[in-house]
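Participant: Here's a structure for you.
The values are calculated or read from the model by the stated rules, or taken from the named source; none is laboratory data. Small disclaimer: the values here were computed from a predicted structure and weren't measured. Here Cβ is always computed from backbone atoms with ideal geometry, including for glycine, and neighbour counts include all displayed protein chains.
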Amino acid sequence: MMESLMRRSKFHVLVFMLFCSWFCYVTASVTYDHKAILVDGKRRILISGSIHYPRSTPQMWPDLIQKAKDGGIDVIQTYVFWNGHEPSPGNYYFEDRFDLVKFIKIVQQAGLYVNLRIGPYVCAEWNFGGFPVWLKYVPGIAFRTDNGPFKAAMQKFTTKIVNMMKAEKLFQTQGGPIIMSQIENEYGPVEWETGAPGKAYTKWAAQMAVGLNTGVPWIMCKQEDAPDPLIDTCNAYYCEKFTPNKNYKPKMWTENWTGWYTDYGSPVPRRPAEDMAFSVARFIQNGGSFVNYYMYHGGTNFGRTSSGLFIATSYEYDAPIDEYGLLNEPKWGHLRDLHKAIKQCEPALVSVDPTLTLLGKGLEAHVFKTSFGACAAFLANYDTTSSRTVKFGNGQYNLPPWSISILPDCKTDVYNTARVGVKSWEKKMTPVNSAFNWLSYNEQPASSSGDDSLTGYALWEQVNVTRDSSDYLWYMTDVNIDSNEGFIKNGQSPVLTAMSAGHVLHVFVNGQLSGTVYGGLKNPKLTFSDSVKLRVGNNKISLLSVSIGLSNVGSHFETWNVGVLGPVTLKGLNEGTRDLSRQKWSYKVGLKGEALNLHTTSGSSSVQWTQGSLVAKKQPLTWYKATFNAPASNDPLALDMTSMGKGEVWINGQSIGRHWPGYIARGSCGSCNYAGYYTDTKCRTNCGEPSQRWYHIPRSWLNPSGNLVVVLEEFGGDPTGISLVKRT
Ligand code: GAL
């Protein structure tokens, strides 16, 4: 009896397994309709958050993703960063911070979905918009248009990524977490400028993507004419008015900006939690079903990954999780509560379109009432200054200014976007006990010599020479001054003028710094013009041109120049003005300290370092090094670099990014009032202070003791002012 029962139940299990393997396989699907994305046939309201894997460390990923999950996030959105993955043609890298598969698997383990924005153009304030620099030098190439070499390279990389995801079974239809992919990024406005070849490129990109058969939908953001079956989506601070280009596509918001990026010299942008919540509730009440926070965790532009728009190393973005991986309260908690309220409404939201009732001037009710008895209502007050009480159903509801109340049963007000029930946390940067014992190495400015190999009778564009292997390029020339030059006798100095396409220029004459100039986010170009001390005979002019990453946005940004393009002139000579632009120039890529690998333990022992009271202070082009022990607790760490100028910092050989306090002009800040449309000019803080003071040191880059910190300082700073701080 027992035996036959067991045999029978085994048989049932077998039948079930067979059935399930077939049934479960065919039902794993992601589709869409006018209302929403359907996962396994079920419409979903999806809350998504951007976390870019290379902007944190693999050790931080599980915690960030868990915090996103706890905050009510369903989907993690990330770009794929081509230049990180293919540093030279055909040479791929998917390790460490660029271990894309590992990142996606961690998301999967947490039970969340992925929205993979392959691009491969990503914008993102990332160096060169994600494109590898070698791509610019593919013969005949023009980026992001109907151009054969570009399309071939784009298709090759996109295919590579898709195949990699397939091989790891990461698409939802294979049992993985990826429910959606993106091709291109905000191409709509570029297409508008480009005309016919732009249109042809859009069509091609869409067809190419669809042809890769991922099994899940593709989206194109900010692309009004996204060809079927691709879904066009919205990126903005507010997207309630957005409608997709076909009524059988869902209303999706791929970038709801939680703040904005910081650029050197500008205040840090903020966006209040109340306004964030308001924008999301407003989108959902107008039929939206997918919202992504750009960024949910912004992180850090480590190394030289930030782009040439003077983008700071910190990419904190005022995101719900701060740069260091701590909760940014009250934003994180206020949005978590919002997500709970929205999820309570989900059955009604996905079932019907809302009906709109005007409750008064600037007062609206959006009601989702289903035939099966579910009902959800959103009550909105658009007045930016006064609270209003409205009658709805049998109840009365008080609505603060610029707010929306959510009633998941059409009766109970469970959440209002302006009522924050979460405490804000004060973020503290506390110095930890670690005095650095700095050593210094002063790098001599390069100057032309007889055996220079890189020479020409012209001023060369910087990236053409460096291929972005370094931020630095030396432009060196000689100027001969006759003893009968008038300025020698009358004691006046001639004026050297050098025009550069950007981004920073240090002018050295006979080994002495004569001045430094730099551009800014709005205009990277710069002009140095100042009197210089010249002597009779040969003078060495050395211009150190510095790039701060390459542009990531704008029409054909691949053609934008960097460096000293001239003219370079000397005014005040007997002959009048001497044009130096077409005389002999020598070039040297990078700094000596870079060539010697001074940032590494082995490299740093190749030079003689100065110690004790002789350590250089306020001297340009100086390298500093010290060792320190990791503080015991697990609190996140940073370096306070206020006493320094500009350069780069390495910890145990890994770059934590470029440092540059970038002092902010006083008066460029606005008050941070949530009630009203967020704009660029509002809500900027820390005027008169550095744009970026603290530089994140990932914990996992540290050993318990003997950690090597190396600082390259261009301007001249005081290293004794550098301190190690913990973030609590
Ligand atoms: C968007 C773009 C993003 C990012 C953002 C600004 O337009 O799609 O990649 O650059 O602007 O942070």
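Participant: Read through the list (1) at pLDDT 95 or above; (2) hydroxyl-bearing (Ser, Thr, Tyr); (3) over 27 Å from the mean Cα position of the chain (by Cα), then give the number of the only condition that residue 613 fails.
Facilitator: The one condition residue 613 does not meet is (1).
Participant: Right, here's the next one. Quick check on residue 274: is it touching a residue at least 12 places away in the same chain (Cβ under 8 Å), acidic (Asp, Glu), away from the ligand (no atom under 11 Å from the Cβ) and in a loop (DSSP other than H, G, I, E, B)?
Facilitator: Judged against the criteria, residue 274 is not a match.
Participant: Are any of the residues in the range 126-139 within 24 Å of the chain's Cα centre (by Cα) and under 30 Å from residue 109 (Cβ atoms)?
Facilitator: Residues of the range 126-139 within 24 Å of the chain's Cα centre (by Cα): 126-136.
When the remaining residues are screened for being under 30 Å from residue 109 (Cβ atoms), the result is 126, 130.
Among the residues of the range 126-139, at least one is within 24 Å of the chain's Cα centre (by Cα) and under 30 Å from residue 109 (Cβ atoms), which makes the answer yes.
Results for (1) touching a Leu at 6+ places or on another chain (Cβ under 6 Å); (2) farther than 23 Å from residue 467 by Cα; (3) within 16 Å of the ligand (Cβ to nearest atom); (4) among the small types (Gly, Ala, Ser), shown as yes or no for each residue.
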site	(1), (2), (3), (4)
122	no, no, yes, no
127	yes, no, yes, no
144	no, no, yes, no
164	no, yes, no, no
172	no, yes, no, no
184	no, yes, yes, no
211	no, yes, no, yes
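Participant: Next question, about the same structure. Please work out which one of (1) within 16 Å of the ligand (Cβ to nearest atom); (2) touching a Leu at 6+ places or on another chain (Cβ under 6 Å); (3) modelled with pLDDT of 95 or more; (4) within 24 Å of residue 190 (Cβ to Cβ) is the condition residue 206 fails and give its number.
Facilitator: Among (1) within 16 Å of the ligand (Cβ to nearest atom); (2) touching a Leu at 6+ places or on another chain (Cβ under 6 Å); (3) modelled with pLDDT of 95 or more; (4) within 24 Å of residue 190 (Cβ to Cβ), residue 206 violates only (1).
Participant: Another one. Name every residue in the range 245-263 that is in a loop (DSSP other than H, G, I, E, B) and over 18 Å from residue 282 (Cβ atoms), in order of residue number.
Facilitator: Scanning the range 245-263 gives 245, 246, 247, 248, 249, 259, 260, 261, 262.
Participant: Within the bounds of the range 244-264, is there any residue that is out of contact with any strand residue (DSSP E or B) (no Cβ under 7 Å at 6 or more places or on another chain), within 22 Å of residue 694 (Cα to Cα) and more than 15 Å from the ligand (Cβ to nearest atom)?
Facilitator: yes
Participant: Among (1) surrounded by 20 or more Cβ atoms within 10 Å (Cβ to Cβ); (2) away from the ligand (no atom under 16 Å from the Cβ), which single condition is residue 96 missing?
Facilitator: It fails just one condition, (1).
Participant: Mind checking whether some residue in the range 323-339 is more than 26 Å from the chain's Cα centre (by Cα) and modelled with pLDDT of 95 or more?
Facilitator: Going residue by residue through the range 323-339, those that are more than 26 Å from the chain's Cα centre (by Cα) are 337.
Adding the requirement that they be modelled with pLDDT of 95 or more leaves 337.
Yes.
Participant: Name every residue in the range 81-125 that is closer than 20 Å to residue 254 by Cα and either among the basic types (Lys, Arg) or in contact with a Lys or Arg (Cβ under 7 Å, 6 or more places away or on another chain) (or both), in order of residue number.
Facilitator: 112, 117, 121
Participant: I've got another one for you. It is to be established whether one or more residues within the range 559-575 are exposed (fewer than 14 other Cβ atoms within 10 Å of the Cβ) and either closer than 30 Å to residue 192 by Cβ or under 25 Å from the mean Cα position of the chain (by Cα) (or both).
Facilitator: Scanning the range 559-575 turns up at least one residue that is exposed (fewer than 14 other Cβ atoms within 10 Å of the Cβ) and either closer than 30 Å to residue 192 by Cβ or under 25 Å from the mean Cα position of the chain (by Cα) (or both).
Participant: Just give me the residues in the range 241-266 being in contact (Cβ under 8 Å) with a residue 40 or more places away in the chain, surrounded by fewer than 19 Cβ atoms within 10 Å (Cβ to Cβ) and either closer than 30 Å to residue 313 by Cα or charged (D, E, K, R) (or both), in sequence order.
Facilitator: Matches in the range 241-266: 241 only.
Participant: Can you tell me which residue is nearest to residue 321 (Cα to Cα) among those in the range 54-93 that are among the aromatic types (Phe, Trp, Tyr) and over 19 Å from the mean Cα position of the chain (by Cα)?
Facilitator: Applying the filter and picking the extreme gives 93.
Participant: Can you tell me how many residues within the range 201-221 are among the small types (Gly, Ala, Ser) and in a loop (DSSP other than H, G, I, E, B)?
Facilitator: Final tally of qualifying residues: 2.
Participant: I would also like to ask the following. For residues that are surrounded by fewer than 24 Cβ atoms within 10 Å (Cβ to Cβ), within 24 Å of the chain's Cα centre (by Cα) and farther than 30 Å from residue 694 by Cα, tally how many sit in the range 280-304.
Facilitator: 0
Participant: Taking the condition touching a helix residue (DSSP H, G or I) at 6+ places or on another chain (Cβ under 8 Å) and at pLDDT below 80, does residue 674 pass?
Facilitator: Details: touching a helix residue (DSSP H, G or I) at 6+ places or on another chain (Cβ under 8 Å): yes; at pLDDT below 80: yes.
The answer is yes for residue 674.
Participant: Those residues that are surrounded by fewer than 24 Cβ atoms within 10 Å (Cβ to Cβ) and of a type in the set (D, E, K, R), I need them from the range 45-78; list them, please.
Facilitator: Within the range 45-78, 63, 67, 69, 70, 74 meet the criteria.
Yes or no, residue by residue, for (1) part of a loop (DSSP other than H, G, I, E, B); (2) more than 16 Å from the ligand (Cβ to nearest atom); (3) of a type in the set (S, T, N, Q):
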| site | (1), (2), (3) |
| --- | --- |
| 223 | yes, no, yes |
| 234 | no, no, no |
| 239 | yes, no, no |
| 278 | no, yes, no |
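Participant: Does residue 107 count as surrounded by fewer than 21 Cβ atoms within 10 Å (Cβ to Cβ), away from the ligand (no atom under 16 Å from the Cβ) and touching a residue at least 40 places away in the same chain (Cβ under 8 Å)?
Facilitator: When the stated conditions are applied, residue 107 does not pass them.
Participant: Taking the options 706, 716, name whichever one is over 30 Å from residue 417 (Cα atoms), out of contact with any strand residue (DSSP E or B) (no Cβ under 6 Å at 6 or more places or on another chain), surrounded by fewer than 19 Cβ atoms within 10 Å (Cβ to Cβ) and not hydroxyl-bearing (Ser, Thr, Tyr).
Facilitator: When all the criteria are applied, what remains is 716.
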